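Have a look at the structure below before the remarks.
The values are calculated or read from the model by the stated rules, or taken from the named source; none is laboratory data. For clarity, every value in this text was computed on a predicted model and none was experimentally measured. Here Cβ is always computed from backbone atoms with ideal geometry, including for glycine, and neighbour counts include all displayed protein chains. For the accessible areas, the whole protein counts, side chains as well, though only heavy atoms, and no ligand, DNA or RNA atoms are used. Shrake-Rupley method; radii C 1.70, N 1.55, O 1.52, S 1.80 Å.
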Amino acid sequence: MAVNYICRHCKTSIGTLSGSDLTEQQLGFHFLTPEERSDIIAYDPSGDVTVKVVCDYCREAMEANPELHLVMNPLQ
Ligand SMILES: [Zn+2]
């Protein structure tokens, strides 16, 4: 099992965790609401997990220019 963290905006790979004994508690998933889980976490058919987060670059860009958020999420 691998957990891949990617930026939800620029799709940059932020990091990967792998291991057979990763639990939702270790990953912090148990803090999320069901809505957040379905939004943030994607389960791959291969068994891997993709977690969509926001990278530092995009976070800073959005804080500096809040209107960018709309531009970067054209489908939302
Ligand atoms: Zn990003």
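In summary, S46 fulfils each of the numbered conditions (1) open to solvent by less than 50 Å² (accessible area, probe 1.4 Å); (2) part of a loop (DSSP other than H, G, I, E, B) with the single exception of condition (1).
The residues listed here are E63, E36; of these, the one that is assigned to a helix (DSSP H, G or I), modelled with pLDDT under 95 and under 12 Å from the mean Cα position of the chain (by Cα) is E36.
Pairs meeting the criteria (first residue in the stretch 51-65 and more than 23 Å from H30 (Cβ to Cβ), second residue open to solvent by 70 Å² or more (accessible area, probe 1.4 Å), beta carbons under 8 Å, at least 6 apart or on different chains) are C55/I14; M62/H69.
Using the structure shown, decide if L27 is closer than 17 Å to M1 by Cβ and under 15 Å from the mean Cα position of the chain (by Cα). Spelling it out, L27 is indeed closer than 17 Å to M1 by Cβ and under 15 Å from the mean Cα position of the chain (by Cα).
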